[in-house]
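The structure appears below as structure tokens.
Every number in this text was worked out from the coordinates using simple rules, so none of it is lab data. This is a predicted model, so every value here is computed, not measured. In this analysis, Cβ positions are derived from the backbone assuming ideal geometry, glycine residues included, and neighbour counts consider all displayed protein chains.
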Amino acid sequence: MQTVDIHSHLLNREVKFDRFYDRLAVKFFAKRFGMEIEEIYKDPYQAYIKALTKNIRESKYLKKAVVFGVDAKRDSKGKVLHRDKTVCATNEDLLTLYENNKDIIIPFFSINPNRPDALDLIDYYYEKGFRGAKFLQNYWNVDTREERYLPYFEKLKSKNLPLIIHVGSESSVSSHKECESLEMLEAPLRVGGEGNSGAYGDRV
């Protein structure tokens, strides 16, 4: 039986694995992922890409992987407030990964709905081959219940794109507790209705 991994993250191109949390986890991470520790410290981003694609291609069971980026935290006008140097991978880097590995990568964009051009970007990445969206609203401090975000969900529905929403606690980046609850799924599910498009929660 062949399966599809529906939850893999691309790393920030500038990742250094030098945070306290990273230093604790990197050796375990490298061993489990089949990465050489020397490669990680020399060029961590390329080492990760190499291991990710190699593991998928050599797997007996895994056919493809859905891969996410994570947009930066932005204010209500779209200005960048914080861009985590490990977690925040760009859609453009994900697009490059996809274009070089179309047979094994299914890209999901991450577009903060506070971007003034968010709806246009959904159209753009949809045309580029992206097949869904990823929210890390607890990092962004975006309450999906606010009416101003409804056009975003309506745009996803119009493209029949699924939305992955992170619910529960978060240890990799700072998190706003009020945006961690299952209630974050309510508005996207209401907009998605009974069609093929909808919202899905991921909990870690």
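Some notes on this structure:
- Going from the fewest other Cβ atoms within 10 Å to the most, the residues 174, 110 appear in the order 174, 110.
- Order of 96, 3, 90 under a 10 Å beta carbon neighbour criterion, fewest first: 3, 96, 90
- Listed residue pairs exceeding 30 Å between alpha carbons, taken from 85/177; 60/177; 50/159: 60/177; 50/159
- Exposure proxy order (Cβ contacts within 10 Å, fewest to most) of 71, 103, 5: 103, 5, 71
- Here residue 54 is the anchor, and the lysines within straight C-alpha reach of less than 16 Å, apart from those fewer than 8 places off in the same chain, are 31, 63, 64, 102.
- Long-range amide H partners of residue 87 with built H, under 5 Å: 12
- Reachable lysines from residue 157, criterion Cα separation under 20 angstrom, eight or more residues apart if same chain: 128, 134
- Residue of 28, 20, 68 that the Gaussian network model of the chain assigns the largest fluctuation, springs spanning Cα pairs under 10 Å: 20
- Cross-link partners for residue 16 among the aspartates and glutamates, with Cα-Cα distance under 13 Å and sequence neighbours closer than 8 places in the same chain left out: 38, 39, 43, 84.
- Spin-label model distance (nm) - residue 16 vs residue 29, 7 Å beyond Cα toward Cβ: 1.4 nm
- DSSP beta bridge pairing in the chain, given as percent antiparallel to the nearest 5: 10 percent
- Length-normalised contact order of the range 3-203 in % [C-alpha pairs under 8 Å, at least 6 apart]: 17 percent
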